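**Student:** There's a structure below that I have some questions on.
The values are calculated or read from the model by the stated rules, or taken from the named source; none is laboratory data. None of the values given here were measured: they were computed from a predicted structure. Ideal geometry is used to build each Cβ from the backbone, glycine not excepted, and the neighbour counts take in all protein chains shown. Keep in mind that these areas ignore ligands, DNA and RNA; they rest on the heavy atoms of the full protein, side chains included. Shrake-Rupley method; radii C 1.70, N 1.55, O 1.52, S 1.80 Å.
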Amino acid sequence: MAEALTGFLKSLDDRVERILNACTACGDCVSVCPTPQGAGIDTIDPKGIALGILDILRNGHEGLAASRQWATACCGTGACLTSCSHGINPRFMLSMACRAMKEKTPEGDRRVAGKEAFKAMTRGVRVLSRLQLAPELLERLSPSSHPTITEPPDLIFYTGCNLLKTPHIGLLCLDVLDRLDIKYEVHGGPANCCGILQLRAGDTANAGRQGFKTIGRFAQTKTKEILSWCPTCHILFEETHLPSSQAKLEAEPPFDMTMFAVYLSRHLDELRPMMTNPVNKRVALCEFSVAEEVTQGVVAVLSCIPGLEIVDLEMDRIAYTLVATRSVPEHGKRMLAKLLHSAEDAGVTTLAGIYHSDHRELSAHEDAWPYEIINFMELIGESMGITRPDVFKRLKLMQDVDAIVAASREYIDENDLNPEEVREIVLKDLLSEQFLPIDRSQHPTW
């Protein structure tokens, strides 16, 4: 592992060096990026901002203030990915600029920050998942649910960590894979983390250590395909960990990573005959997706459902998910308000999110609007005659910690949870949200 970690860090440094050698500071990536508008960054000089990013990569904090703001505010929309004619991934470039800035903070402080963020996430996942499922159902989303088999599975369903906070979505994914007669293993949870929390804290070494452990577990199965649910995990593996692994091994990664919705869209011939129940709903999507093909995949699958109508709200995309706008919180709140109001104006019956993280925010608003708020997998399940109750939303809508604890007593006892810890996690992870509240009575002018 030590050798792999050294190789990982060297690979990042080598890739940064190649960016420094290849980038002409033309500013094309700045010009196409939607983030500066949301962050209030003046882009009158896109070349100067790009040049400032190169200064940051060389010297850490040095560089234009606008360049530092751009790197920090990046929402990962991916609009820049096809903008560079020199083979540079600007999203990775900004990630490395953030890394360079954070390395000005003492290493011990960065390590503590990453450790504390990981610890907080782990507690939230453990408690919230157990407030919603009995042990035997929760086990289905655990790596131990599929013991070692003699032949490689068809694929790995990789949940990431936080999907387990909304476990009904994960169970629906497994239900669909079962209907497709796919031989799979489940990997995910904090033990199979991608390392994003450490990377955000500037603890690159432990981010690499965590990511490489997970890659090693993937590789041990000898499967050729990883179905990733979490867009954050997908970006980190695809753009940071796997290229570094490839550089060390001097070979292609032993598997491909595919977003779950994209995989489903590639199996429409098998899915279509199973989605026979009419779902007479007028549906708008929360489309802040990691890549265009993800939204296209969701639309392709939902379009096969009898009776379902998809309404395009024509929302601007500034981020790869709604909650990724936390780096530009005021703009994020405006985007959320526009989404909720636009869905009402369009007369939809249903607002469907794509990702688990967005569902955690969106579901809190259902009582205030004249439509249901669900995840798109629930529509697929309904068309296939599969139902998984959304306990997360039911608890969240209570908006009262005492009511939530009382309603969860059975699972608290069954999963041997500490009631005081439950209260703490409910207040911190369930009831505390970034964008609340959105006032429905005041329709904004955009």
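**Student:** Quick check: anything in segment 113-123 in contact (Cβ under 8 Å) with a residue 60 or more places away in the chain, among the polar types (S, T, N, Q) and either surrounded by 18 or more Cβ atoms within 10 Å (Cβ to Cβ) or out of contact with any helix residue (DSSP H, G or I) (no Cβ under 6 Å at 6 or more places or on another chain) (or both)?
**Tutor:** There is no residue in segment 113-123 that is in contact (Cβ under 8 Å) with a residue 60 or more places away in the chain, among the polar types (S, T, N, Q) and either surrounded by 18 or more Cβ atoms within 10 Å (Cβ to Cβ) or out of contact with any helix residue (DSSP H, G or I) (no Cβ under 6 Å at 6 or more places or on another chain) (or both).
**Student:** Here's something else I'd like to know. Output the number of the condition that Leu436 fails; it satisfies all remaining conditions of (1) touching a Phe, Trp or Tyr at 6+ places or on another chain (Cβ under 8 Å); (2) outside any helix (DSSP H, G or I).
**Tutor:** That leaves (1) as the condition not met.
**Student:** Moving to a separate point now. I'd like the full set of residues that are farther than 16 Å from Asp312 by Cβ and not in a helix (DSSP H, G or I), limited to segment 341-364.
**Tutor:** Correct list: Tyr355 only.
**Student:** Please go through segment 293-326 and pick out each residue that is without any contact (Cβ under 8 Å) to a residue 40 or more places away in the chain and either acidic (Asp, Glu) or under 26 Å from Gln69 (Cα atoms) (or both).
**Tutor:** Glu293, Glu309, Asp312, Glu314, Met315
**Student:** Continuing with the same structure: Do you know which residues across segment 45-67 are modelled with pLDDT of 95 or more and within 12 Å of Cys98 (Cβ to Cβ)?
**Tutor:** Residues satisfying the conditions are Ile53, Ile56, Leu57, Ser67.
**Student:** Let me ask something else. Quickly run through segment 170-191 and pick out the residues that are under 29 Å from Cys74 (Cα atoms), open to solvent by 10 Å² or more (accessible area, probe 1.4 Å) and part of a helix (DSSP H, G or I).
**Tutor:** Pro190, Ala191
**Student:** Might you check whether a residue that is in a loop (DSSP other than H, G, I, E, B), in contact with a helix residue (DSSP H, G or I) (Cβ under 7 Å, 6 or more places away or on another chain) and open to solvent by 40 Å² or more (accessible area, probe 1.4 Å) occurs anywhere in segment 148-157?
**Tutor:** yes
**Student:** Could I ask something else about it? With a cut-off of at least 2 residues that are more than 30 Å from Asp14 (Cα to Cα), modelled with pLDDT under 95 and open to solvent by less than 60 Å² (accessible area, probe 1.4 Å), name the helices (runs of 4 or more DSSP H) lying wholly within segment 196-314.
**Tutor:** Numbers: elements: 196-201, 204-221, 231-236, 242-249, 260-265, 268-271, 292-302.
Those helices (runs of 4 or more DSSP H) span 292-302.
**Student:** I need a count of the residues in segment 396-416 that are more than 16 Å from Ala134 (Cα to Cα) and touching a helix residue (DSSP H, G or I) at 6+ places or on another chain (Cβ under 7 Å).
**Tutor:** Final tally of qualifying residues: 5.
**Student:** For segment 73-97, how many residues meet the condition of being hydroxyl-bearing (Ser, Thr, Tyr) and surrounded by fewer than 16 Cβ atoms within 10 Å (Cβ to Cβ)?
**Tutor:** Residues flagged as hydroxyl-bearing (Ser, Thr, Tyr) and surrounded by fewer than 16 Cβ atoms within 10 Å (Cβ to Cβ) within segment 73-97 amount to 2.
**Student:** Residues Ala120, Ala50, Ala100: which one is under 24 Å from Arg209 (Cα atoms) and touching a Gly at 6+ places or on another chain (Cβ under 6 Å)?
**Tutor:** Ala100
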